[in-house]
1. Relative to the present Cα-Cα distance, how much length would full extension add between Ile81 and Met1 at 0.36 nm per residue of separation?
2. Apply the a/c threshold of 1.5 to the C-alpha gyration tensor of segment 22-162 and tell me whether it is rounded, prolate or oblate.
3. So who's got an amide H within less than 5 Å of the one on Leu144, skipping anything under 5 residues away but keeping other chains? H placed 1.01 Å off N, in plane.
4. What number comes out for the charge environment of Gly23, summing +1 per Lys or Arg and -1 per Asp or Glu over other residues with Cβ under 12 Å away?
5. Between Ala116 and Glu90, how many nm apart are label points set 7 Å from Cα along the C-beta direction?
6. Roughly how far apart, in whole Å, are the Cα centres of segment 1-58 and segment 132-189?
7. If each of Val141 and Asp22 carries a label point 7 Å out from its Cα toward its Cβ, how far apart are those two points in nm?
8. Once the piece of chain linking Asn162 and Ser174 is laid out straight, how much longer is it, given 0.36 nm per residue of separation minus the C-alpha distance between them?
Amino acid sequence: MFDSHVAALLDASVALVNVLTDGTKGGKPYAAPRGDDLPGAVTAALPSTAGGRIGPEEAAYLSGTAQRMRTVFEAVDDGRIDDAARTVNELLRSTGARPQLDLVAGEPWQVHFRGASDSLDVGWSAGCATALALAIGSDLVGRLGICQASRCDRVFVDSSRNAVRQFCSTACQSRVKAAAFRARQAERR
């Protein structure tokens, strides 16, 4: 499975894609925040440890990153791993992603991923791109998914032991199971 730092970056990738891209969510149309609502949405999507204030320019940059990351999840879901890898490589190049050892107070040295600049937007984009690269470049690529519920296209990373997750949330899973139950009940009548 993914180490805790990579898992946290993959979780951030999922949150950014799910919050900042249009589509469907839980059976309903979903419109991503725009304009004045964008910085707050980005701040809410990132872990509380992200630090710093997200301004409109940084939020717009991360929204663009989220659009590109969505295409990675879509390509993996369609079995187009080469396309996913190309997009991730483009993200890695555009952000100047590089590993760096950081010492966190009270903890051992940790590998973190930085961008060409130390800005939050480029840094988070570089980290998310690197985490996606580590997933795609391993036997865990199948852990990147898109919700299988009808009228939901939110993404997820499957962290289950047996790699059987199909839904972005328990709400979508319950919605599908309830619909299947109702269909079985209707057939019996």
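Every number in this text was worked out from the coordinates using simple rules, so none of it is lab data. Computed from a prediction, not measured in an experiment: that's the story for all the values here. Counting neighbours? That spans all protein chains shown, and the Cβs are built from the backbone with ideal geometry, glycine included.
1. Full extension from Ile81 to Met1 adds 26.9 nm.
2. oblate
3. For Leu144, whose amide H was placed from the backbone, the distant partners under 5 Å are Asp158.
4. Net local charge, Gly23 excluded: +2.
5. 1.6 nm
6. The distance from the Cα centre of segment 1-58 to that of segment 132-189 comes to 20 Å.
7. Here the modelled spin labels are 3.0 nm apart.
8. Gain on extension, Asn162 to Ser174, equals 2.4 nm.
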